[in-house]
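Read through the structure below, which is laid out as structure tokens, and then see the notes.
The values are calculated or read from the model by the stated rules, or taken from the named source; none is laboratory data. Treat the numbers as computed from the prediction; the structure is a model and nothing was measured. FYI the Cβ positions are ideal-geometry reconstructions off the backbone, even for glycines, and counts take in every protein chain you see.
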């Protein structure tokens with residue numbers, strides 16, 4: 001497992017990024033969304049450009065019974081590629097004195113799954129949304145590379161006692177950036193429990209427990 005230090009992914013400073021929320025659908029049913037976010041701070045100027053290139057990615061999630069964190073069900077894995085281009089910035093007072101952060105999504109992928117495969121008697125579809133994006137705050141010297149991972153399902157099938165672990169395993173196709181896994185886990189419904197953990201190339205998210 002990677003050390004938690006400079007140059008590594010971290011959790012967000014806002015608990016709102018981990019709060020589940022529910023809304024009503026037009027047909028009278030309700031859906032619930034459980035988000036998790038991992039952020040990497042990067043300097044706007046003078047950063048290592050080796051990270052920019054084409055990547056292969058596997059995104060997925062597990063659900064654990066919190067009373068037994070050695071047993072899990074793997075849900076909705078998906079493989080895809082994306083190109084990470086170096087972000088451009090606007091400079092000058094017009095931009096630097098605008099306090100509002102702005103985001104630029106690099107990729108957005110949806111992993112659909114049949115609920116009946118995981119919950120006896122369930123009907124319908126759930127999905128994981130995996131998103132990678134840059135977030136820049138004009139007056140700060142850093143920008144953020146962010147993985148946003150979310151689970152959405154009909155509310156009746158959400159169990160707020162479970163532990164949800166979502167991950168992205170990525171590798172630069174030429175080998176400049178070795179394979180790494182960034183994960184974000186939390187007890188569903190408890191934003192204060194969120195944790196971000198990184199793993200090196202020896203970790204296999206399809207089989208390993210910890």
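Answer with yes or no whether residue 32 is exposed (fewer than 15 other Cβ atoms within 10 Å of the Cβ) and either closer than 20 Å to residue 196 by Cα or in contact (Cβ under 8 Å) with a residue 40 or more places away in the chain (or both). In short, no.
Note on segment 31-53: residues that are in a strand (DSSP E or B) and over 30 Å from residue 153 (Cβ atoms) amount to 4. Screening residue 177 against (1) under 14 Å from residue 38 (Cα atoms); (2) in contact with a helix residue (DSSP H, G or I) (Cβ under 7 Å, 6 or more places away or on another chain) leaves a single unmet condition, (1).
Please pick out the residue among 130, 122 that is assigned to a loop (DSSP other than H, G, I, E, B) and either surrounded by fewer than 17 Cβ atoms within 10 Å (Cβ to Cβ) or touching a strand residue (DSSP E or B) at 6+ places or on another chain (Cβ under 9 Å) (or both). None of the other options fit; the residue is 122. Going through (1) surrounded by fewer than 17 Cβ atoms within 10 Å (Cβ to Cβ); (2) at pLDDT 90 or above; (3) under 15 Å from residue 18 (Cβ atoms) one by one, residue 173 falls short only on (3).
All of 117, 144, 149 fail the test of being modelled with pLDDT under 90 and closer than 21 Å to residue 18 by Cβ, apart from 144. Per the conditions (1) at pLDDT 90 or above; (2) assigned to a loop (DSSP other than H, G, I, E, B), the sole criterion not satisfied by residue 88 is (1). Please indicate, with yes or no, whether at least one residue in segment 148-161 is under 18 Å from the mean Cα position of the chain (by Cα) and without any contact (Cβ under 8 Å) to a residue 24 or more places away in the chain. No: zero hits.
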